[in-house]
Every structure is written in C-alpha cells, then in structure tokens.
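Engineer: The structure's right below; bear with me while I get my questions together.
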Amino acid sequence: MSEQQGRQRVDVTLSINGKSYTRHVEPRRLLADFIRHDVGMKATHIGCEHGVCGVCTVRIDGRTARSCLHFAVALQGHEIETVEGLSADGRLERLQQAFHEEHALQCGFCTPAVLLTAEEFLAENPSPSDSDIRAALSNNLCRCTGYTNIVKAIARASGREGEAASSGTGDAS
Amino acid sequence: MIAPGHKGNIGRPVRRREDSYLLRGEGRFLDDIAEPKDTLFLGFVMSPHARAEIRGIDASEALALDGVVAVYTAEQMSRLTKPVHTVIDFPGYRGTPRPILADKVVRFVGEHVAVVVAEDAYAAQDAIDLVAVDYDLLDATVTLEQADQPAAPLVHDEVPGNVMFESTFATDSFEETFQAGELVVRERFRKGRVAGVPLEPRGCLAILDHVADSLVFYTSTQIPHLVRTALADLLGLPEPKVRVVTPEVGGGFGTKAQFYTEEVATAAIALDLRRPVKWVQDRREELLTSIHARDHIIELEAAIDATGRIKALRAEIVTNAGAYSTYPFGCSLETTGAARMLVGPYDIRHYAYRARSVTTNTCPSGAYRGVGQPSGFMAMEGLMDRIGRKLGIDPAEVRLRNVVKAHQLPYTNVLGVRYDTGSYEECLRRAMVLADYEGFRARQAAAGDSGEILRGIGICNFTEVSGAGSAGWRVRGLTKVPGFDSAVVRIEPSGQITLQVSQAAAGQGHLTTFAQVLSDYIGARAEDVFVAEGDTASAPYGTNTFASRSAVAGGGAVIKAAETLGRKIRRIAAYLLEVELDQVELRDSRAILVDGSDRGVSFREVAEVAYSMSGTPLPQGESYGLEALEIYDPPLATWANAVHIAAVAVDRRTGAVTIEDYVIVHDCGRVINPMIVAGQIHGGTAQGIGEALMEEIVYDPEGQLLNANLLDYLMPTAQDIPDYKLDHIESPSTDALGGFKGVGEGGVIGAVPAVTNAVADALARVGANINRTPLRPSYLLREIDRAAARS
C-alpha cells in the first residue's frame, strides 16, 4: 500500500441505533473503530480483532455480527444496532435485570456483547434448555464468570429458573 | 463496631453496584476514555526472532509515512528512562535488567525493538512494518528441558547455566527419614505453559497536566500504586507529580499485576514530546508479550509406610522464567510458589526441595491466577493417587490418612507456616458425599475396562495462600511488594460516607463488598456508603489487588478505619446527647443510646458539628473533620482451603474428555458476599478446566510462538464448562482481622489437578500414565496406544 492510498479518506454514512452518522474516514476503517472512535459509542468493545472472542458483537440488519470483521464503508445503507440502542428502547431490560440478579457479569467487558447475543437468541428461542443456551453462548468468550451465571441469567430472562440454579447446596443465587 | 443484634450486611448475597453501568455498556475501560485531540498513538516493533543481535535499525521509511511523528529505538529511549530491574532479595537469585526497548540483543519473539509514534492508530500500525531491523540470528534456548543443559545458549551472559534462581530447603535429618521409609512413590509432572488472557488487552494513556505540571497516567492495571512508584523512579520524576488512574479493568487474573515496559515507553514519550500518548495492545501482542505462566516440571518422591502415610517428601522443581525476570514479582514467585505451597493440607513433617527458575528465549512469565499452586497441587494430588494405586488403597482414603485433622489446628506446617483454621478433612468428606464418590467407584468397577468410554474421578484437596502481609512477601524476598493495604473513611458534611481503599478491582465487585464491610463496622446503612479506588491521587497507598488479597488486606484496613472513626463519632454523639461514651452505639447511620430508647443523633448531625456547620461547638480537645486513615498489614498469609472432585468420561476412540460431574466444597473463612464468592470460584474453575484440557502456549524449537491468536489458543466456551455443585464451609480466620480469607485463585488451583486426576484415573484402567497437561485428545490417544503396546 502506498502512502497516498494509506491516507485516502471517504465520507461514510452509517445508520447506528436509528440515527445517521457521517464521518470522513479511511476505506479500511473497521466498523468497530467507526462506532467507538468516530461516533464515540463505547459500549461495543474490542477483544481480539480477528472475530473469535465476540466482544465486539453488534447487530447488522437485526443479526448479530462481529464489528471487528467489517469495514464501515461496506455497511452504508444497513442498520447497525449496539447495546446503547437496545438499552434505550427497553428491549434489553429483562436480560439486564436477570444478569444483575444472577451475578452474570464480573469485569463487564464482554457483557454488552453477551447481552446482544442473548437477546437475539431469546427472540428466536423463547423457551431454551440450558444446553441450548450454552450452545448459543459459545459464540462469546467470557474469562471471568465461567459462564455458569450467564446461563442462569438467560434462563431466568426466558421466564424459568436455570437447571444450573437448582444444582448444589448453599450456592448463593 | 456492630451493635448487638444488628443484622449485618456481611454474609449476604448483596447484588452488585457495579452492574447498573456495566450492563448499559457505560463501563469506561482504558480504550473508552476519550483521549485529547492532539493524542499520539504508539506502535511497537516486535522482534520476529527468539534470539538475535541487532545490527542496525533503519526507520527512515517509517518516518517518511504520512502521520508518523517519531520512531524511538533503544538509543533514544535509554536517554529517557532507566531499564526495569527487579531486585529479589533472596539467596540464589540472579535477575537481570530489562531495557524498555531491546538494546543490541533480542531475547524473545515479541520483544520490543523500536516504537513508532503516529497521529492515529492505523498509521502507527502501517509504520511498524516499515521499520527495517537488521538481525544477526543466534541459536535460541526455548524449553525448560533444554535450558540448563551444557550446550544450551546463554540467554544472558551474566546468568551461568541459564539458572536465574535456585533455592533449596530440607528439614533436619531429612535423608535418614526418607531412607527409612518402607516404600517410595515417585512421579514427574509436566505442567504446560498458559496465559491469563483477559478479554481486555492492556493499554495506557499518558496525559501531561500542564496546570499541575504533572503526568496523569491511565493504565489497565491491578497495581496503580506500584506502577506509580516504579514509573517515577525509572523516569526520574517526583513521585507526587505522577498520578496513576485505573479505569474499569476488563479482567486481570494477575496478567495486569505486572509493571510493563510499554507503560514506561508510553509515559516517557509523552514527556519527551509534550503530547498525550496512547497505546492499546492488540491480541497478538497480548499473547506474545503479556506475561505467560506455568511451564513447570515438578518431580515428587514420597517415602511412605504401608498404610500410605507420607513419612518424607522430596520435590525437584524447575520453572521457566522466560527471557526476563518480571516486575515486581521476579522469576522466583512461581518457583517458590510451587515449592512452598504444595505440602498443602497434609501433615508432612519431613520435606526437602530444590527449586530452580531457568531463563529461556520466551516471553517472561509472571503471576497468573494460582501462581505455582495449580502445578504444585497437580503434582501433590497426583502423587496421592499414585500412592493409592501402589498400595491398593482408594486415593480418597490416602488423603484422609495424611490430611491435617481439625484437632491439630492451629497447625504449623513443615515450612514453619501457620494454618490458623481450616476444614481439610470436612471439605473432603462433604465433597465425597456430594459427588457420590463411593457410588461412582462402585459403578466404575462394575463397568469394567473394555468399553469405548472410560470413566474416572479425580480429587484435589488443597490450601490457597491468600492475603499475604509484609512478612509473606519478605520471606520470599520481594522488596517492591509492600504487603499492607489501607483505607480512608470520611463522613462528609452530608452524613454520607466516602470510602477510599488502596485496592484496584478488575471485576471483583469491590464497590459492593467494601460497602458491606464498612456499613457493618461503622454502623451505617449500606446505601450511605460510597466506595472509590484505583486513583493514586485520592486512594491511600497500598499493595493493590492480586494474590487474593483484597478481602483480607483491604477488608482489615476498612475495619480498622471504621473502628477509629466510629470512636470519634461516638465521642461527639455522647457529648451531644450528654451521656457517657459507653451509652452510645452506632446503627443505621445514627449514634443511638444503648438503652433501646431509640434516642440519638444522625451521622449527619454529628458531621455538621464536626465540620463546624452547626451552632453546637465540638467537644473540647476534638479536632474538626470526620476522617480516618488506617493501614492493615495482614499476617504472613491466610489460608483458604477447598476440595474439587471431577468425574469425567474419556472416549478412548477419540481422546475427547467430557466432564460429567463437578463438585466444589470450599472454605474461605468468613464470607462477605456469597454470590461474589461463588462467582470467583465459577470463573477460576473454568480457567482451570481450560488449563487442564485445552489451553497451551506453544513455541516451536526456534522459539516462534505458534498460537498467538484466539483461534489457536483455545479457551473454554460455555459448552466446555459443566454445572457445578458448590458448597461452602466457613472457618473464619483467627489471625486476620474480620476472619476473611482470600478466594480469588482457588478455582483454578483446584480444577487443574482435579480434572487431570480424573482423566488419569480413567486411563490408569488401561495402563496409561497421565502426568502432563493440557490433556489434549492427541496426547491421551498416544498414551492409550503406548499402554496397549506395553501390555
């Protein structure tokens, strides 16, 4: 890549949480960086920049996607959603409350992404088993919680006690 | 003080205060801080070679790139800062300084050779590739096995034999006792190399505050005060002019309890260029340069009697330090950690060890969750199983015969370390019931060994060193780790309470738990208590957060400060109420009479007097303000304990391991918040399961790291983790204030040995000897085949 190409910038207009944002950025600008550093919404985090950890999860046209694997310029005309948007319209409230009750977050770095995955999953699977939940969650790494309480929280948000919640004695929940 | 009959906040599963903002995505992590408009971004040029001489560096192409401001090499950097030099005050230690940028020689793949400074992060990345470094390649020393061989290239000329640390210990008449044993059981355990891998990589942001002419340094760390002291020293700054702030930290696990060269470079360049400077690590850098851990060989040899009692134990331990001794813990922490902790809950009276740390051309190793103990107990608990197999005694019974019994407590172990309280036998017996251990053994025997699925059960009964005070760090020679922690409690004029602690959380929920402790000990409503930490401008000095120390050291400091300030509140209240001091107690943010009349004054009323905001003067001799600073230096260590039992199924056709049952009975003394304690155990256990089954940092023979990405460095997902049966026993510490013991590391310490022993138990049925981790299918299949070939 020559220097000239490296510094070339274009206007990119993205719809994020229903609002339109135009920024003058390089064509190689990643969606994650556009959202975070150009628009300034910081709930979407970056964990690996190669599409594995899931920390940068957003919605593109209603489907969860890795914002570190997309160029912003390629997503003009598409609807992007982040946790900020879903929080604002109340769609996440039940999950957030369940995560709080079940202690399903520790450092909180992966949490916005896990919430987006869980919300999409519950919309399609309103009555999941724990193993369904674990399969859906395998898209997102969490290094703090060991997943146990995330499974419980998603089960709780679906309207039932998680199977994990009933096992053991004296385990506070 | 807790008023009699008061239902405290300690011990309740109080939901976390941190959650509300984190769940909205409003947690502000390092890279979420809005940097000033004129911020410069760093990109580190990393060595692609494990060992080489640097013949020259040509940065001209990089400097010509649009947006690049400067390129620093060792020559420029060495004028701005001293190298990092970890001094461990312990016989047998030979540390070497580490330059901030490699000077003439590189010693591991990923070591920084130069640093690019650019107007934006993308330009910095482009410029990294344009810095031309001319290397003269040298043979590298990569493995633990290779490092102390005569032919091994020296990593540092001044470290003969590549042995950076060596320590020996033996009880009196050890050899005679060992020789007198009826039988000897021995095994060599090989613990693979792993990394902590917090989901938030490291990063820092240095901003010059021109008004105060000081450096404000945001960094994703667990040790803000230690970073501040080290930065000021290396950069020659007055320490009062350095303010270190930890934002939300996206996981640490010890990985961020180290002081890193990138932090020095970022601050040095900001000071040199008089501009804000930011650096955020990418995942490849994280895996190449953030501390690695484990990579140990532990050989154990026990002289036993016919009943399985250990008469004498010998350990030969080698740990891989990597290329440099890390700051502040040095290269000896893992080594002595394994050697000093592995006797654990067992009544062993004769012990000898030789523990060495060797340097290799690999990433430096450091203090990842568990430090030495997952390996130490993998060896010790693996040995217990082998004693059982040798004697035909159930391995649980071998443990019960050797364990320290309740009536022996307080117990001084063979290294002279005191266990004040514990529940070593009780935890084991309860875990065996929860796991239906006897039933499992009966089913296992009935199933025979011919099926495609082999089942095994593994136990880990262990102690967890936690909350070490100054004595605990001095005994291991660590001069830059103070050991105490501190708390400032201040009742504001409003009557609300600010609590500043010297800790720095990375997900442990300190805002919640310290409020629980303070509210109980000062007699306040929890909602009146506000906790802050992690900013050296406001938080009192301390040792910060690692090694499971916050509940013990921070909790003790909070209790002391609450008691000191509580006495002042009571003095002022007694004066206002015109009663004797002993007639006043504190409850629900009020100072009330003990007579049950509910007559009293609120903290706010007391504060108005203390702050001279009321018509009533202070009593004579009393000073203005309502604030107390207290420092707490815990004992040498407090000792939590636990038992993990894992039941696994191994598919002998594929080598795949499924965890079918998992029981944890743990004892961390008095529990502040059982919900958070359970969370720590869940998370640690998941990391331990990952470490046992899949996680491994892999270097090739040339010292190239083969899996510096998350596709190839496998970590457990939700599908790899079983449900746990978790039970608590509380044996409050009598040596530590408040009775708290640490709980941050037990999960990983218990899981690695329990899972390893379970798989080893399953495969022992077909004659395979499993003594290394990770327990990958390829390894298990190979051992199954080898066993079949032998029989």
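Engineer: Conditions: (1) more than 8 Å from every other protein chain (Cβ to nearest Cβ); (2) on the phi < 0 side of the Ramachandran plot. A:Val55 meets all but one. Number of the miss?
Structural biologist: (1)
Engineer: Looking at region B:231-254, which of its residues are within 26 Å of B:Gly27 (Cα to Cα) and either of a type outside the set (Lys, Arg) or assigned to a helix (DSSP H, G or I) (or both)?
Structural biologist: Listed by number, the residues that qualify are B:Val242, B:Val244, B:Val245, B:Thr246, B:Pro247, B:Glu248, B:Val249, B:Gly250, B:Gly251, B:Gly252, B:Phe253, B:Gly254.
Engineer: Enumerate the helices (runs of 4 or more DSSP H) found wholly within region B:1-89, keeping only those where 2 or more residues are of a type in the set (Gly, Ala, Ser) and either more than 14 Å from chain A (Cβ to nearest Cβ) or out of contact with any Lys or Arg (no Cβ under 8 Å at 6 or more places or on another chain) (or both).
Structural biologist: It comes to B:60-64, B:74-80.
Engineer: Now a separate question. Could you run through region A:105-144 and say how many residues are at the interface with chain B (Cβ under 9 Å from one of its Cβ atoms) and either on the phi > 0 side of the Ramachandran plot or of a type in the set (Gly, Ala, Ser) (or both)?
Structural biologist: Residues in region A:105-144 being at the interface with chain B (Cβ under 9 Å from one of its Cβ atoms) and either on the phi > 0 side of the Ramachandran plot or of a type in the set (Gly, Ala, Ser) (or both): 5 in total.
Engineer: Just give me the residues in region B:723-737 being more than 7 Å from chain A (Cβ to nearest Cβ) and surrounded by 23 or more Cβ atoms within 10 Å (Cβ to Cβ), in sequence order.
Structural biologist: Hits for region B:723-737 are B:Ser731, B:Ser733, B:Ala736.
Engineer: Residues that are more than 24 Å from B:Ala637 (Cβ to Cβ) and within 23 Å of the chain's Cα centre (by Cα): does region B:729-741 have at least one?
Structural biologist: Looking for residues that are more than 24 Å from B:Ala637 (Cβ to Cβ) and within 23 Å of the chain's Cα centre (by Cα), one finds none in region B:729-741, hence no.
Engineer: Specify which of the listed residues (B:Thr717, B:Thr685, B:Thr773, B:Thr756) is facing another protein chain (nearest Cβ under 8 Å), in contact with a strand residue (DSSP E or B) (Cβ under 9 Å, 6 or more places away or on another chain) and not acidic (Asp, Glu).
Structural biologist: When all the criteria are applied, what remains is B:Thr685.
Engineer: Would you confirm whether any residue within region B:126-149 is part of a strand (DSSP E or B), crowded, with 21+ Cβ neighbours inside 10 Å, at pLDDT 95 or above and within 14 Å of chain A (Cβ to nearest Cβ)?
Structural biologist: Within region B:126-149, not a single residue is part of a strand (DSSP E or B), crowded, with 21+ Cβ neighbours inside 10 Å, at pLDDT 95 or above and within 14 Å of chain A (Cβ to nearest Cβ).
Engineer: Next question, about the same structure. Starting from region B:13-26, take each residue that is without any contact (Cβ under 8 Å) to a residue 24 or more places away in the chain and list its partners that are part of a helix (DSSP H, G or I) and of a type in the set (Val, Ile, Thr), counting only C-beta distances under 7 angstrom and pairs at least six apart or across chains.
Structural biologist: That search, which allows pairs on different chains as well, returns B:Leu23/A:Thr111; B:Gly25/A:Val83.
Engineer: Which one of these is small (Gly, Ala, Ser) and in contact with a Leu (Cβ under 7 Å, 6 or more places away or on another chain): B:Ala232, B:Ala268, B:Ala212?
Structural biologist: Answer to the selection: B:Ala268.
Engineer: Which strands (runs of 3 or more DSSP E) does region A:33-134 wholly contain that include 1 or more residues that are of a type in the set (Ser, Thr, Tyr) and either in contact with a Pro (Cβ under 9 Å, 6 or more places away or on another chain) or under 29 Å from B:Ala708 (Cβ atoms) (or both)?
Structural biologist: A:57-60, A:63-66
Engineer: Separate question: Can you spot a residue in region A:20-34 that is among the small types (Gly, Ala, Ser), more than 10 Å from chain B (Cβ to nearest Cβ) and surrounded by fewer than 21 Cβ atoms within 10 Å (Cβ to Cβ)?
Structural biologist: Checking region A:20-34: at least one residue is among the small types (Gly, Ala, Ser), more than 10 Å from chain B (Cβ to nearest Cβ) and surrounded by fewer than 21 Cβ atoms within 10 Å (Cβ to Cβ).
Engineer: Hey, which of the helices (runs of 4 or more DSSP H) in region B:435-547, taking only ones fully inside, have at least 1 residues that are within 14 Å of chain A (Cβ to nearest Cβ) and either surrounded by fewer than 17 Cβ atoms within 10 Å (Cβ to Cβ) or touching a residue at least 60 places away in the same chain (Cβ under 8 Å) (or both)?
Structural biologist: Qualifying helices (runs of 4 or more DSSP H): B:510-522.
Engineer: Please find, among B:Ala754, B:Ala762, the residue that is surrounded by 24 or more Cβ atoms within 10 Å (Cβ to Cβ) and farther than 20 Å from B:Gly370 by Cα.
Structural biologist: Only one candidate qualifies: B:Ala762.
Engineer: Out of everything in region B:698-717 that is surrounded by 21 or more Cβ atoms within 10 Å (Cβ to Cβ) and under 23 Å from the mean Cα position of the chain (by Cα), what residue ends up being farthest from B:Gly669 (Cα to Cα)?
Structural biologist: So the residue we want is B:Ala708.
Engineer: Oh, and also: Identify all residues within region B:659-673 that are farther than 17 Å from A:Tyr147 by Cα and either within 11 Å of chain A (Cβ to nearest Cβ) or not hydrophobic (A, V, I, L, M, F, W, C) (or both); write none if there are none.
Structural biologist: If the condition is that a residue be farther than 17 Å from A:Tyr147 by Cα and either within 11 Å of chain A (Cβ to nearest Cβ) or not hydrophobic (A, V, I, L, M, F, W, C) (or both), then B:Val665, B:His666, B:Asp667, B:Gly669, B:Arg670, B:Val671, B:Asn673 are the ones that fit.
Engineer: When you scan region B:22-60, how many residues do you find that are under 30 Å from B:Pro153 (Cα atoms) and either among the charged types (D, E, K, R) or in contact with a His (Cβ under 9 Å, 6 or more places away or on another chain) (or both)?
Structural biologist: Qualifying residue count, region B:22-60: 8.
Engineer: Going by the conditions given, is B:Ser220 buried (at least 24 other Cβ atoms within 10 Å of the Cβ), of a type outside the set (D, E, K, R) and in contact with an Asp or Glu (Cβ under 7 Å, 6 or more places away or on another chain)?
Structural biologist: Judged against the criteria, B:Ser220 is a match.
Engineer: Looking at this structure, is A:Val73 in contact (Cβ under 8 Å) with a residue 24 or more places away in the chain, surrounded by 15 or more Cβ atoms within 10 Å (Cβ to Cβ) and over 27 Å from B:Pro198 (Cα atoms)?
Structural biologist: yes
Engineer: While we're here: Is it true that A:Gly51 is free of Cβ contacts under 8 Å to residues at least 12 places away in the same chain and of a type outside the set (S, T, N, Q)?
Structural biologist: For A:Gly51, the condition - free of Cβ contacts under 8 Å to residues at least 12 places away in the same chain and of a type outside the set (S, T, N, Q) - is not met.
Engineer: Can I ask one more? Exactly one of (1) assigned to a strand (DSSP E or B); (2) more than 14 Å from chain A (Cβ to nearest Cβ) is unmet by B:Gly181. Its number?
Structural biologist: Answer for B:Gly181: the failing condition is (1).
So that you can scan it fast, the table gives a plain yes or no per residue for (1) buried (at least 21 other Cβ atoms within 10 Å of the Cβ); (2) touching a Ser or Thr at 6+ places or on another chain (Cβ under 7 Å); (3) farther than 30 Å from B:Leu593 by Cβ:
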residue	(1), (2), (3)
B:Gly8	no, no, no
B:Pro13	no, no, yes
B:Tyr21	no, no, yes
B:Arg28	no, no, yes
B:Asp31	yes, no, yes
B:Pro36	no, no, yes
B:Val45	yes, no, yes
B:Val68	yes, no, yes
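Engineer: So for region B:276-291 (the condition being at positive phi and not basic (Lys, Arg)), does at least one residue qualify?
Structural biologist: No, every residue in region B:276-291 fails to be at positive phi and not basic (Lys, Arg).
Engineer: Quick test for you: out of B:Asp272, B:Asp282, B:Asp233, pick the one residue that is surrounded by fewer than 22 Cβ atoms within 10 Å (Cβ to Cβ) and within 14 Å of chain A (Cβ to nearest Cβ).
Structural biologist: Only one candidate passes the filter, namely B:Asp282.
Engineer: Right, next: So if I check each of B:Ala170, B:Ala180, which one is in contact (Cβ under 8 Å) with a residue 12 or more places away in the chain and over 31 Å from the mean Cα position of the chain (by Cα)?
Structural biologist: B:Ala180
Engineer: Can you tell me which residue in region B:247-267 is surrounded by the most Cβ atoms within 10 Å (Cβ to Cβ), limited to those that are of a type in the set (S, T, N, Q) and under 17 Å from the mean Cα position of the chain (by Cα)?
Structural biologist: The qualifying residue surrounded by the most Cβ atoms within 10 Å (Cβ to Cβ) is B:Thr255.
Engineer: Need pairs with beta-carbon distance below 7 Å; first residue farther than 14 Å from B:Thr638 by Cα and within region B:397-413, second surrounded by fewer than 14 Cβ atoms within 10 Å (Cβ to Cβ); sequence gap 6+ or separate chains.
Structural biologist: If the second residue must be surrounded by fewer than 14 Cβ atoms within 10 Å (Cβ to Cβ), the pairs left are B:Arg401/B:Thr307.
The values are calculated or read from the model by the stated rules, or taken from the named source; none is laboratory data. Computed from a predicted structure; not experimentally measured. Here Cβ is always computed from backbone atoms with ideal geometry, including for glycine, and neighbour counts include all displayed protein chains.
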